[in-house]
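Coordinate-derived values only; no laboratory data. Worth saying up front: this structure is predicted, and the values here are computed from it rather than measured.
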Amino acid sequence: MAGRVERTVSLEVRERDGAVTFDVRVSPNASRTKVLGVHDAALKLSLAAPPVEGAANAELRKFLARALGVPQKAVTIVRGQQGRTKTLRVEGVGAEQVHALLR
């Protein structure tokens, strides 16, 4: 019987100029918005919003702003506006606060 192999990938968070940048992987149309873990070094989230007319992006920004204790305007989608994989910039937080979302 083969043993179970676990692969642990850590979330990559870059700090610069009082802000953090990290990748997220989203799954829209979920029953609720929540952190699911890490997928390919990106924070994986389910979003309780459809991927139409920016609703999922708005839900993503709102959820992360609330979870990190910053205003929504501090959360910016730098890349991936229309895709499932996005790069975010969050002003006013450090890498340790982003990693705390996984606990």
**Report entry** P(r) tail fraction, the chain - alpha-carbon pairs more than 22 Å apart, %
**Finding:** 26 percent
**Report entry** Rel. contact order, % - alpha carbon contacts under 8 angstrom, at least six apart, the range 17-102
**Finding:** 33 percent
Report task. Would you list which aspartates and glutamates come within 15 Å of residue 34, measuring only between C-alpha atoms, while excluding same-chain residues fewer than 8 positions from it? Result -> 59
Query - Gained length - residue 16 relative to residue 73, 0.36 nm times residue gap less alpha-carbon distance - result: 18.8 nm
Query raised in the report: Applying the Karplus parametrisation 6.51 cos²θ - 1.76 cosθ + 1.60 with θ = phi - 60° to the phi angles of the range 46-56, what ³J(HN,Hα) value in whole Hz is obtained for each residue in order, glycine and proline being reported as x?
Result: 9, 10, 8, 7, x, x, 10, 6, x, 5, 5
